[in-house]
Every structure is written in C-alpha cells, then in structure tokens.
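The values are calculated or read from the model by the stated rules, or taken from the named source; none is laboratory data. Source: prediction; values computed, not measured. Neighbour counts run over all protein chains shown; Cβ positions are idealised from the backbone, glycine included. Remember, those area values only see protein heavy atoms, side chains included, never the ligands or the DNA or RNA. Shrake-Rupley method; radii C 1.70, N 1.55, O 1.52, S 1.80 Å.
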Amino acid sequence: NMINNIAMAGKSQLNLFGTQILNFFNNVFQVSRLMLSPAIAIKQLTSIPTFALEPEVGPANWIKYAFKNKTQQLQVYKEVINNSVYLKDRADKSIMKSIETYSPERYSNFVPKSSQNAAIDILMGLIKVADRSAILMGGLPNYSFYKAKFQKENPNATEQQAIDYAIRKFEKDVKSTQQSYDLQDRDVFQNRNPFTRSLNMFLTTPKQYLRREITGWRQMTRAAKRFAKGGKNKNAPNVVQAFSQFAF
C-alpha cells in the first residue's frame, strides 16, 4: 500500500466529482483553522521537551547539552542548517505540505494559482516560525550529544564525519517528534480517500505520540529481557530511558 501511495505521489486514483467537492471543503476548513493562529503556534512549541525523551539521549543529556550549546549557539545552528537537507527541504516547501491531506490539486481551486503558495505561507507564518523554533530549540541539544558521542567513540574520525552522523540521528529525532509531510511518515488512513482523511484531520501529532508510546513500551520489554538475561545484551535500551519515553 505504501509503495503504491508513494508511486502515486499521495494522489487519490479517484477523480470523481464528489471527491473533488470533499477535497475542496477539507482544504477550506484546514486553511481557515490554521492561518494566523497564535494558539496553534504556541502549542507547537510544547513539542520542544519531547526531544529529551529520545532513548539514546535522555533528559539529563538533553539538559546538559542545552546549556552547553548556549556558548556556541550560532555555530551549532549554522552547522545544522548548512548540513541538514531535510530542514532545507522542510523550510523551502509550502506549509501546506506539512498537512496530512496535502496534494497539489486539493487547494489550487480556491486560491488563485499565481499567488496560492505565497498567500498561504504568509497567513501561516506563525506556524512556520513555531515549527522551525521547536525543531531547533529542542533538537540542537540532541545533535550536539550525537556529535560528541561519535567523536569520543571515533577519535580518528574527521569533523565532517561526525557532523554527518549527528545530522542523520538529528533528522530521525525530528521526524519522530514533529509533523512530517513525507508520505512514508503518515499512516495508511491519512493517505486514503478524502472522507477518511477528513476524519484524521489535525490528528498527526496525537498519532505520533501514540507511536512513541508504543516504542517506549517495546523498549521497556527489551530492557526487561536484558535484565532477565543478566544484562548481557549491551544493545538493549536502558529501562529508565524507555520508561521515561513511555510515561512522558
């Protein structure tokens, strides 16, 4: 199903009149609900602490590197911005692509084509700023942690190798904590027909948190198995970190 969906670029194979009408109302409702909404922008910032719940990082390391980064904030910021293709792609594309019901033809009919991207992005400027702020404020400590860990474990590695490793881990954390427009990051219901998508409207974040809870539970199970075997499996997660991800 996912292979077919990616091959179709997320577009419905149905082009019925009723489908187009439902898509139209879905988009009108979404844009009117999201644009110029400071409340939603503030809520987006509440995702900042979720980066600390990544099992490999943990709250203690997140706080440590959050304070440590303050002395070199601009350097770390530029390093991530210049090396993260995912962040560049996320910033350059229209905010509509971050909405799970997106498809190019779904909003082109009620906003003039020549100005649709600029107009919608301006009206949703608060959301775009909050999205970028949450990612950088929450994710930069993770990036610094991954980079420092890689350099400690690989003393002969180059600076760029450490950056590339940390960027990959950082982008993975961003996808697990923030809304993602990538087709492979949405579930099957978010990519179905317009009626199904309308029932999933604004549920991207709750679904992501549910997946994080499931991941935390799975990690706790693995930690319990490691404990039962006498702690011999070094690759198994730490039970405290796994529980914190599940609980928070």
Quiz item: Does the stretch 17-30 hold any residues that are open to solvent by 10 Å² or more (accessible area, probe 1.4 Å), touching a helix residue (DSSP H, G or I) at 6+ places or on another chain (Cβ under 9 Å) and either closer than 17 Å to LEU123 by Cβ or of a type outside the set (A, V, I, L, M, F, W, C) (or both), and which are they?
Solution: GLY18, THR19, GLN20, ASN23, ASN26, PHE29
Quiz item: Considering ARG218, ARG211, which residue is assigned to a helix (DSSP H, G or I), under 19 Å from the mean Cα position of the chain (by Cα) and at pLDDT 75 or above?
Solution: ARG211
Quiz item: Limited to the stretch 169-195, what total is found for residues that are farther than 18 Å from LEU45 by Cα, assigned to a helix (DSSP H, G or I) and either at pLDDT 75 or above or open to solvent by 80 Å² or more (accessible area, probe 1.4 Å) (or both)?
Solution: 5
Quiz item: Which one of the conditions (1) at pLDDT below 85; (2) over 18 Å from SER47 (Cα atoms); (3) part of a helix (DSSP H, G or I) does GLN75 fail to meet, given that it meets all the rest?
Solution: (1)
Practice problem: Report, by residue number, each residue of the stretch 46-61 that is closer than 16 Å to GLN178 by Cβ and not in a loop (DSSP other than H, G, I, E, B). | Solution: ILE48, PRO49, THR50, PHE51, ALA52, LEU53
